[in-house]
Amino acid sequence: MIMNRIRHDGVLIVGAGLAGLSAALEAARAGASVLAVTPEPLLSGCSSAWAQGGIAAALTVQDSAELHAADTAAAGAGLVDADAALRLTQAGRATVQWLTSLGAPFDRDGRGGFAVSLEAAHSVARVARVGGDGAGRAILSAVAAAVRAQPLVEVWEDGSLKGLLKDPTGRVVGAAVTRDGRLVEVTARAVVLATGGAGGLFAATTTPAALKGEGMALAYEAGAEILDPEFVQFHPTAMDVGLDPAPLATEALRGEGARLVDGEGRLLLGEAEDADLQPRDVVARAVHRARIEGRGAFLDARRAVGREFPQAFPAVFAACMRSGLDPRVSPIPVMAACHYHMGGIAADADGRTAAPGLFAVGECAATGVHGANRLASNSLLEAAAFGRRAGMAAARETGGEVPLPARIGPELSSADLQALREAMTLHVGVERTRAGLERLLSLIARIETRAPGAPVLSAASLIAQGALAREESRGGHYRADFPDADVEARHTRMQVAHPVRVLEAAE
């Protein structure tokens, strides 16, 4: 039962990671009143704060926006929107400078320029870092401080999204959220979803377990198009130490020369110096295969980093030591775990979706810049650069009519959620098959009888249905029963008005 309705004459932003807060600052700078709603205190419960590697941008004379865009397209396996990628990479330097102006303490080289590191599938070093492996939290801390100082931005740090409000014309005009156990309708001129990814749908994940794709599910129900939901990136070096979520051993370790080995010390990907810096899907499958074959998978940084570990990678070092591992003397056991959702709510560079009044930014959005496989450290760049654009665009919206009541779906029981997470990792994880995907969809249907209309189930179903429809292997999507890529790269598009999944040729 709706206990209250609040009219917010401005922009409503759901989510307070880097994308949401960047949107908030720019909407406020454009003169709009902003209400940002997040279920946990700022810096908590969002993937942005957990990012280790840094932010990719062309910051050196050896680099360019065009080269960065080319690397992005190559990693995306034929499904990257070239215009969107170039728009993103052209904003790279300005975005890093904007974050610096807010107080983000990027590492500097001896000449005072930005210190940059090499990560997988980048042709040159271009990842700006903070304190070795602390980029996400440091950047987000600076942006959060700016948000708290902005008088036009109000933040609810105890609000959970439960539904979207639409008016009789079909325009999204607000959201239903819970606060202190009460359901509240908030109407607004525009709604920006910055709800993060779907890692919490998987038993093995490096992201906050609370992020379960509900934003994508609710946007789908509201009429937005869902693009390529089957493309999930699995990070090859999640630490296999029995924790949920799994701590991450940043890719920058391999950029510094750490190598992946099996239990006998044999290299997993070959002798070449850059063998471990192939695209993440390739490396993740090698790690996955070594583990299921019983050989084990480990990241050996003893020679590459060694005694410098505490200073060079303090976050990884601390996580290792908490788990009883000393990476200076022992290889780190690793596994492939859900790390990033390339697919999601189809949106342009300004965050606009197919549902009028609704914007999407950050990991919940699919803007075309990641394609089938995200290039390392492009996510923070996209969150800030496109988040800012979305904030400016949303500030210009004028709103709609009086909303219809929102439909509120149920929550899953803890037992059903755990069963779903385990089945997602097993059947729509690193390797997929028709038989496994059909078993997963059958499980979702059974749980649906106990929790009809649950957004979590809708999100899981979108991913599984996309994976079942794509009978090829491409980027982060690997079908063991269809191991080759089709000659033509095609998108998966899903929308309530067009329930049949159709693979459409990429532009």
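The numbers here are math on the coordinates, done by the rules we state, and not lab data. Worth saying up front: this structure is predicted, and the values here are computed from it rather than measured. Positions of Cβ are generated from backbone atoms using ideal geometry, with glycine treated the same way; all protein chains shown enter the neighbour counts.
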Take the alpha carbon gyration tensor of region 412-507, find the square roots of its eigenvalues, order them as a ≥ b ≥ c, and report rounded if a/c is under 1.5; if not, report prolate when a/b exceeds b/c, else oblate.
oblate
Name the residues whose placed amide hydrogens come within less than 5 Å of the amide hydrogen of Gln233, ignoring near sequence neighbours (fewer than 5 apart) on the same chain.
His339, Tyr340, His341, Met342
Which GluC sites (Glu not before Pro) from region 437-502 combine a DSSP loop assignment with at most 16 other Cβ atoms within 10 Å?
Glu471, Glu488
Under a 5 Å amide H to amide H cut-off, with H placed in plane at 1.01 Å, what residues pair with Ala51 once short-range neighbours are removed?
Gly136, Arg137
Could you point to the residue in Pro39, Ala57, Gly20 farthest towards the positive end of region 1-76's charge dipole, with +1 and -1 charges on the Cβ of Lys/Arg and Asp/Glu respectively?
Pro39
In debye, nearest 20: dipole of the chain around its Cα centre with unit charges on the Cβ of K, R (+) and D, E (-)?
840
Could you work out [θ]222 nm for the chain from helices alone, using -39500 (n - 2.57) per DSSP H run of at least four and dividing by all its residues? Round to the nearest 500 deg cm²/dmol.
-9500 deg cm²/dmol
Computed E for Leu152/Arg111 - FRET, C-beta separation, R0 30 angstrom, nearest 0.05
0.20
Given H placed on each backbone N at 1.01 Å, which residues far from Ser33 in sequence or on other chains put an amide H within less than 5 Å of it?
Val11
Let me spell out the model: positive unit charges on the Cβ of Lys and Arg, negative unit charges on the Cβ of Asp and Glu, origin at the Cα centre of region 118-182. What dipole size does that give, in debye rounded to 20?
140
Which net charge results when you count Lys and Arg as +1 and Asp and Glu as -1 among the other residues whose beta-carbon is under 12 Å from that of Asp348?
-1
